[in-house]
Structures are given as C-alpha cells and as structure tokens.
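Quick notes on the structure that follows.
The values are calculated or read from the model by the stated rules, or taken from the named source; none is laboratory data. Model, not experiment: these values are computed from the prediction. Here Cβ is always computed from backbone atoms with ideal geometry, including for glycine, and neighbour counts include all displayed protein chains. To get the accessible areas, we keep the full protein, side chains included, count just its heavy atoms, and leave off ligands, DNA and RNA. Shrake-Rupley method; radii C 1.70, N 1.55, O 1.52, S 1.80 Å.
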Amino acid sequence: MQSNTGSLVCVGPGMTLGAHMSARCRSHIEHADVVFTNCHPIMERWLATMNKDTRSLQSLYADGKDRRVTYQEMVKLIMTEIRSGKSVVGAFYGHPGVFAQVPHTAIAQARKEGFSAHMEPGISAEDCLYADMGIDPGAYGSQHFEASQLMMFERVIDTSAYLFLWQIALAGDLTIAAKTSSAAQRQVLVSMLTEHYGYPNDHAVALYECPTLITDKTRIEWIPLNCLPEANLTLVTTLVVPPCKKLTKNTAILDKLHQLQQQQGSTHDKSN
C-alpha cells in the first residue's frame, strides 16, 4: 500500500570531493532512510560513509544503452522507495539541477503524487569554471548551451559574449547512447562555429575540467578551434569560446534613456 509519508530531497555534493558540500546537504544525507547516488565512484564511496543505506545508480548505465531509458529506470527506483513511505535523498554530481534530468523528473513526479519534494543547490562546474578561469559572466555576458542542442536547433549566438558548450564530448551524437561522438561529428560543430563567428579556424578556445579530488589539477587547455575534433575529451569537458567582437552600443535606447534623464532632472528642478 502506498504511503503519503514519503519524501524526496535532491542534493548536490559539489564537484570536488569533501570541499564543496554544504551543511544542509550533509544533514539531508545523514538523516535519510535511503540515499541514491549518481556521482563519481570515489565520491559515492565517501557519501556511503554518511548513510548505511546508500545505493549507487551507476550500474544502470550500459554501453549502447539509450540514456533516456537509464534515466527512466533511475526515477522508477527512487519513486518506489518514496511510495513505500521512506525519506529519500538523491545525491547528484555537482549541482543536482544542472545537466541532470533525473532529479527534475523525480521531483516533478513526487509532487504530482502528493509527496513532499524539493532540491538543494550545490556547487556546479559552472561555478568552478568562473573561479578557475577568472571569468566574470557579468562583464560581457555569457551563453550556455548543451553542445548537441546548439547544433541541432536554430539558436542565436551573441559573439560579443562568452559561449560555454557543455558535454562537448557528445557534440553531434544522435544515438543518446554513445560515450563520445566521432571526430567527424565534432568537425560539423567546428565548421558551424567558424562560419558563425567569422574568425580563422585556428582561433583559441579552452577545454575546461573541474577536479574531482582536491589533489587533482584543474584542466584549462587552450587549443586552436580546428584541433577540437581530435582533442582528448571526457563527459565532464566544457568548451569555452571567448567573445570575438566588442560590445556595440544601442544608440537608439541610449538616446531615449538620456532624454528620460533630462526630463526627470527638469521635473526635479521645478519641484525645488
């Protein structure tokens, strides 16, 4: 019989083992009836020291298996425990809501069935990237796309802002099952970017990876764009494309704002 006492909290232990976990995240893990994890194996072993009933979801992945099927199976396991009346925690790599379908789907399903469910934020790869590379997203603006989504849909790129492409190792993959796309598929992205930005295909871009262990080194590798297809990429590699042109002033809007400022100043003078 289904119990309505079950609950779900999805948390993020951060990117680097032991360095990023918040007190709230740890508390949820320690007090849960069951903890499901989908993180780096070393991080999963560390999380297991906080709760004796910690279960890894990693075994659901398989070579050639559609990741959408895997995600459905993960949600099913989580929901089964919630429906049995248990307080469930899902611990997902980095931030549980960033490039993680399962937490969003599970929370939505749990709420739909009347259970308490929410998400606690964690430190994501994006947060680490800004710190490690010294990038202020407010300086020029930033755009974030999943690499394949950028390729497969008509999106507008602002070349005066930073462009961050996530899951670059899968760029162009249509199977939703491969661990990496082919060099030929990534070459399609290179040609697309070269044409869009209008710069030489040897323009410098960066490959970024946040370390899992505090003793590991952050990867910030600058390469010519045309070397991307053959570059060493993993599922956690992010491509950083710097702006290629200066910000252009919107003179029409600036004129309107100056007029408003003058009108407001005139009104203020009259009131005095």
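Before moving on, here are some points about what is shown:
- Hey, Thr37 under 24 Å from Ala110 (Cα atoms), hydroxyl-bearing (Ser, Thr, Tyr), at pLDDT 95 or above and buried (at least 20 other Cβ atoms within 10 Å of the Cβ) or not: yes
- In segment 111-127, residue least open to solvent (accessible area, probe 1.4 Å) [restricted to those that are under 18 Å from the mean Cα position of the chain (by Cα) and of a type in the set (A, V, I, L, M, F, W, C)]: Ala125
- Cβ-Cβ contacts under 6 Å between residues 6 or more apart (or on different chains), taken from a first residue in segment 236-250 that is of a type in the set (D, E, K, R) to a second residue that is part of a loop (DSSP other than H, G, I, E, B) and open to solvent by less than 20 Å² (accessible area, probe 1.4 Å), are listed as Lys245/Thr159; Lys245/Ser160.
- Single condition Phe99 does not satisfy, out of (1) closer than 30 Å to Leu193 by Cα; (2) over 18 Å from the mean Cα position of the chain (by Cα): (2)
- Selection within segment 111-127: residues that are assigned to a loop (DSSP other than H, G, I, E, B) and in contact with a Ser or Thr (Cβ under 9 Å, 6 or more places away or on another chain). The member of this set that is farthest from Pro13 (Cα to Cα) is Phe115.
- Residue check for Glu44: among the acidic types (Asp, Glu) and surrounded by fewer than 20 Cβ atoms within 10 Å (Cβ to Cβ): no
- Of all residues in segment 161-172, those satisfying the criterion of being in a loop (DSSP other than H, G, I, E, B) and open to solvent by 10 Å² or more (accessible area, probe 1.4 Å) are Gln167, Gly172.
- Matching entry among Ile176, Ile214, Ile168, Ile220 (being at positive phi and either of a type outside the set (Val, Ile, Thr) or within 25 Å of the chain's Cα centre (by Cα) (or both)): Ile176
- Which listed residue is of a type outside the set (A, V, I, L, M) and either at pLDDT below 95 or in contact with a Cys (Cβ under 6 Å, 6 or more places away or on another chain) (or both), from Tyr61, Tyr71: Tyr61
- Enumeration of residues in segment 1-34 that are assigned to a loop (DSSP other than H, G, I, E, B), open to solvent by less than 40 Å² (accessible area, probe 1.4 Å) and β-branched (Val, Ile, Thr): Thr16
- Highlighted here are the strands (runs of 3 or more DSSP E) found entirely within segment 184-257 that include at least 1 residues which are open to solvent by 20 Å² or more (accessible area, probe 1.4 Å) and closer than 26 Å to Gly172 by Cβ: 204-209, 219-224.
- In segment 54-110, the qualifying residues are those that are in a loop (DSSP other than H, G, I, E, B), open to solvent by 30 Å² or more (accessible area, probe 1.4 Å) and small (Gly, Ala, Ser), and the one that is farthest from His40 (Cα to Cα) is Ser84.
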